[in-house]
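Take a look at the structure below.
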Amino acid sequence: MADEKKLVNENVPGNFFVDRTCINCDTCRQLAPDVFADQGEYSYVRTQPVSPLEEVHAMRALLACPVGSIGNRSKIKPNVMDDFPLPITDDVYYCGFNSAASYGGNSFFITHPEGNWLIDSPKYLPHLVRRFTALGGIKYIFLTHRDDVADADKYAAEFGAQRLIHRDELSAQPESEIVIDEREQLDFAPDFKIIVTPGHTRGHMVLLYKNTVLFTGDHLAYDPDDDSLYAHESHCWYSWAEQTKSMRRLLAYDFEWVLAGHGNRGHLPRERMKEKLSELVARMH
Ligand SMILES: [Fe+2]
């Protein structure tokens, strides 16, 4: 619950506000970029929502905020609880309810005839359990790396799901059911390719779905302001040289979507995405 007594100074007057417990994780700015902006150390309300749609976006940000730093003084609020998981494209969803345990990282969900996938983990909430159940449960939980596992163990127990994690990240979820030892690539199932991308952490992995959607964890993200792909050098915990090599290896793959753990998602035509990736690799070198 956001606290009126801890308001950040930059909030513009109106119903929505951010308080100083904000961890500057970017979740609200992704969900409602017209309403929330980055001060440098935290987010703030730069424009109050005007249209009903902007209000819906701001309310989704309020719900998704991992630390409850967003408040809404309005007595009449749109009910957006059932919006999550939020469809992104076809059978791919953004879960919402980012967890502070994963530094506010995004998690995603895929509905698939051979069993559904959760990619990294949101907070464990009865609401999401109900929604995942209605969508057919969870068969696999793909963990990109140690930082973003959040409540994966609880979802695994709830749904009898199998967690996939690289051996080098195993300490984050030691009871994981499937441990990946590959160093480069694993064709895990039709439609699902696991690509090992050491750099951000030693055993970081990304998941390529239908050669179209790349779930990138903290390896790669998209900057909509600059229309470019980027990697977080200041948040590279293992090896920037290794991350650069891993990025170059990604040039061998085709995809249209980048869905990041931290940072914005991007959607570009394949050729354009590859150009942007080439530019990033050159910059990293
Ligand atoms: Fe991370």
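Brief remarks on what is shown
- Search result, residues across segment 91-114 that are farther than 19 Å from Lys193 by Cα and within 16 Å of the ligand (Cβ to nearest atom): Asn98, Ser99, Ala100, Ala101, Ser102, Tyr103, Gly104, Gly105, Asn106
- Among the residues of segment 141-152, just one is away from the ligand (no atom under 12 Å from the Cβ) and either surrounded by fewer than 24 Cβ atoms within 10 Å (Cβ to Cβ) or not assigned by TED's automatic domain parsing to the domain that holds Val206 (or both), namely Asp151.
- Elements of type strands (runs of 3 or more DSSP E) contained in segment 177-279, each with 1 or more residues being more than 13 Å from the ligand (Cβ to nearest atom), among the aliphatic types (A, V, I, L, M) and not assigned by TED's automatic domain parsing to the domain that holds Cys28: 178-180, 185-189, 192-196, 205-209, 213-217, 228-230, 257-260
- Residue check for Ala161: touching a strand residue (DSSP E or B) at 6+ places or on another chain (Cβ under 7 Å), among the small types (Gly, Ala, Ser) and more than 16 Å from the ligand (Cβ to nearest atom): yes
- Of Phe36, Phe108, all but one fail to be among the hydrophobic types (A, V, I, L, M, F, W, C) and touching a residue at least 40 places away in the same chain (Cβ under 8 Å); the exception is Phe108.
- Within segment 115-136, being within 25 Å of Ile195 (Cα to Cα), more than 16 Å from the ligand (Cβ to nearest atom) and surrounded by 17 or more Cβ atoms within 10 Å (Cβ to Cβ) holds for Asn116, Trp117, Leu118.
The values are calculated or read from the model by the stated rules, or taken from the named source; none is laboratory data. Keep in mind the model is a prediction, meaning the values are calculated, not measured. Positions of Cβ are generated from backbone atoms using ideal geometry, with glycine treated the same way; all protein chains shown enter the neighbour counts.
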